[in-house]
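Please treat every number below as a calculation from the coordinates, not as lab data. It should be emphasised that the depicted structure is a prediction, and the values quoted were computed from it without experimental measurement. Counting neighbours? That spans all protein chains shown, and the Cβs are built from the backbone with ideal geometry, glycine included.
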């Protein structure tokens, strides 16, 4: 089995923020889970580095565009590393290998008659680098629906892709694959766009110089979104030093925010169909973050810096919070207060204390060795796997937390410290069962939490004497060997002042 998952490539006109961290953590959690199940995985992220926005940002910074891209892209790479992302490749659209393949793709479409020359006149948002119809805009004022700023009227001679021609094929694709876009509301949204009629797409720009030159007309550059979307294909062709498209194409899952659904759900599959490639198997569209009910923005001063969270609480705390606080696929509010509440209440108290108590009692009552026993709790690994198969990342984490809560209740009900006072055979057996249940459950939790909080999960597994047990079959209860050596670890989530 093979599984490939992508984040969007992040635009380098500004620094990384919490939204970038969100999609990267989601992609990483899915990639880690599928590796646990023994599948070959290709996980891709990276940076989008061409276009007028980047050129203007570079000019404002007093740098040539490539130098500016190098510096900002490196900050995105540092965030990826700091979050312990296990991506197989980090692509940059200024990679010469990518640029050459983009030119080859566009040349192929041109040679096969899929591009035509024309003049575009329309309403353009320079921040999105997208043309809009009046019906797409916020009225009055012709405001961009994403940036809430007036769009401008642009006229230029370009090369066009006949997107309208591909509407019937796109409808066939959607109707044959009801899970092509998830959640369902986003599927309905994209399909309605197609059914309502599509306009042809300008594939080139005459007024943007910072981009990949059009092969047959170098005075123009390839539209930045065409360049960006093709990263999903080009990365498989060169990113691992060999072409792995035979293993991982078509892409299993693209992750993205809702503002780029049209480009990924309509333009991208149409491009691929025209070129003779299979479209991706699916897209998952998540929502936006707000904080205190307001959209996050540097202007509002309400941005949560992911580097600051990692420095204060660690990467696992950030990863957990992003997947736990907001229902995956929906908009949601994130705040420093909410972050501390989850950290103290669920990571430190629920999980950290469970691990500490379980290991301490085995060290104290059984000299650090797991006794013979049977696990008295109900397993959740099958429901967790089902949730992850449905790309329900927050739902899977809630399933895991039902076992965390069950284990904590079990400690209070069984009271091993009371059982340990008796030498009666029945009480000794009851204590052995209780201690085995706790050790084995902690181990199962370590396996299931590995996609979400990998560093902490590895510490949990090491503490119960099963450090290599991250494969998914080990998530089942009752698989911890009696006699495994247990040690009490340092606090997994130390107390931190707000």
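Tabulated data
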| quantity | calculated |
| --- | --- |
| Gain in span if fully extended, residue 386 to residue 1, counting 0.36 nm per residue against the direct Cα distance | 136.9 nm |
| For region 34-74 and region 335-411, distance of Cα centres in Å | 37 |
| Sorted by Cβ density within 10 Å, fewest first, the residues 88, 48 | 88, 48 |
| Per-bin percent of Cα-Cα distances, region 18-148 [10 Å] | 10, 24, 32, 26, 7, 0 |
| Residue 116/residue 175 FRET efficiency (R0 30 Å; Cβ-Cβ; nearest 0.05) | 0.60 |
| Whole-number Å³ per residue for the convex hull built on Cα positions in region 187-239 | 127 |
| Contour excess over end-to-end distance, with Cα ends at residue 462 and residue 246 and 0.36 nm allotted per residue | 74.0 nm |
| Peptide ranges 184-197, 267-280 listed from the most packed, as the mean C-beta count within 10 angstrom indicates | 267-280, 184-197 |
| Between helix 425-449 and the chain: long-axis angle, C-alpha atoms, 0 to 90°, nearest 10 | 10 |
| Compactness relative to 2.2 N^0.38 Å, alpha carbon Rg of region 335-475 | 1.07 |
| Peptides ranked, highest mean first, by Cβ atoms within 10 Å: ranges 154-160, 417-423 | 154-160, 417-423 |
| Extended-chain gain in nm, criterion 0.36 nm per residue less alpha-carbon gap, residue 66 and residue 496 | 150.7 nm |
| C-alpha long axis of helix 167-176 to longest principal axis of the chain, angle in ° | 20 |
| Pair residue 428, residue 15: separation of 7 Å Cα→Cβ label points (nm) | 6.3 |
| Separation of the residue 164 and residue 139 label points, Cα + 7 Å toward Cβ, nm | 2.1 |
| Per-residue Cβ neighbour rank within 10 angstrom, fewest leading, 227, 389 | 389, 227 |
| Mean projected area (nm²) of the alpha-carbon convex hull when region 2-286 is viewed from all directions | 14.6 |
| Cα→Cβ-extended label distance, 7 Å offset, between residue 476 and residue 207, nm | 6.4 |
| Length-normalised contact order for the chain - Cα pairs under 8 Å, 6+ apart - percent | 15 |
| Mean-position separation - Cα centroids, region 413-459 and region 180-241, in angstrom | 52 |
| Helix 454-463 axis, angle to the chain major axis (alpha carbon atoms, nearest 10°) | 20 |
| Among beta bridges that DSSP assigns inside the chain, antiparallel share in %, nearest 5 | 50 |
